[in-house]
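Everything on this sheet refers to the single structure shown next.
The values are calculated or read from the model by the stated rules, or taken from the named source; none is laboratory data. Predicted model only: the values in this text are computed from it and were never measured. In this analysis, Cβ positions are derived from the backbone assuming ideal geometry, glycine residues included, and neighbour counts consider all displayed protein chains.
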């Protein structure tokens, strides 16, 4: 029986089918591989883009921190995450004094999801420092050591800015519990290690023997007609020595003077005084007349300003001081500097950009200083004044009024450097 055979074309058709199946399988494998590569590339691209976006957010937080610290060195960071675009940033500040570390975290997406990205920038900076103390980088700073308290006894007592302290907590006393006093625009910042302000003392000698003679020649004294104001001493200069209690009466006296007067005793000024002179006494001083600009008053006793108009650039060194409102509201110039070893009582305005520092207690009334920097080593009693600048004290009793932090006033009063140096920047 003869065998049968398939035509050649049928054999070729079967072989072609096998080839086609193999090719399709290969194409499928290649396609699947390409799809995986494309998906992986897409994920990598998305992850990279999100990482870049998170880095931009972290850097935005650093820029925010730099601006905030330049305006308010007591700023401690954002209160929670800040939304910006499709992500958030969170800023915290560490360190005290001039050296601070800014940590800014930028986040895109939600942790645990594919689009999540997190970047962090850690930046160390040096701030411009005050010539006196970092205590004045707060609206109010209380308690340098030991126990401190803040007594807000009036519902209108307000602090606009941060309240700082060396202590971990401050004891608050509310006199009117039905209407708790408000503390606005800031937060309590505990455990702050700052230098307690040191009240400057004069380098000028207060010893009479140092003024009695000059190069072996007796120092001139003031003539008798100075005391009753009948003489003309409008162009006095040089040093004068008065070895007794001193009182000036009569019309205008010592105008346009550049004199230094040393009084071995107390002094009372009832005549108007001019510019550019220095008064040094070993006793109390009572100023009942107007005085000009560029005046320095130095005493081991008390200085009382009564019914007085003052010019610019008046500097006072005293054991205690009283700024009394008297029968008229005086006009006072700017840039007053008052350094008191004991107590200070301020019952009137002091002009712009005043600095008052006292090692003892300080009492301020409603007509007290406006643009000012104030320091009391004891208790600061604050009766309704409205100060813009900065206040520091051992403890504070606030009976109404406001304290508003102003870096520009602090800089003007203290001569604070506004420098800002970035020491290192690490992206993580």
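Of note:
- Pairs with Cβ under 6 Å, 6+ apart, first in region 78-91 and over 15 Å from residue 102 (Cα atoms), second assigned to a loop (DSSP other than H, G, I, E, B): 88/81
- Residues that are without any contact (Cβ under 8 Å) to a residue 24 or more places away in the chain, over 23 Å from residue 165 (Cβ atoms) and in contact with a helix residue (DSSP H, G or I) (Cβ under 9 Å, 6 or more places away or on another chain) do not occur anywhere in region 55-77.
- Check on residue 380, within 14 Å of residue 354 (Cα to Cα), at pLDDT 85 or above and crowded, with 22+ Cβ neighbours inside 10 Å: no
Let's see how each residue does on (1) under 13 Å from residue 353 (Cα atoms); (2) surrounded by 24 or more Cβ atoms within 10 Å (Cβ to Cβ); (3) within 14 Å of the chain's Cα centre (by Cα):
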residue	(1), (2), (3)
375	no, yes, yes
384	no, no, no
387	yes, yes, yes
395	no, no, no
398	no, yes, no
403	no, yes, yes
408	yes, no, yes
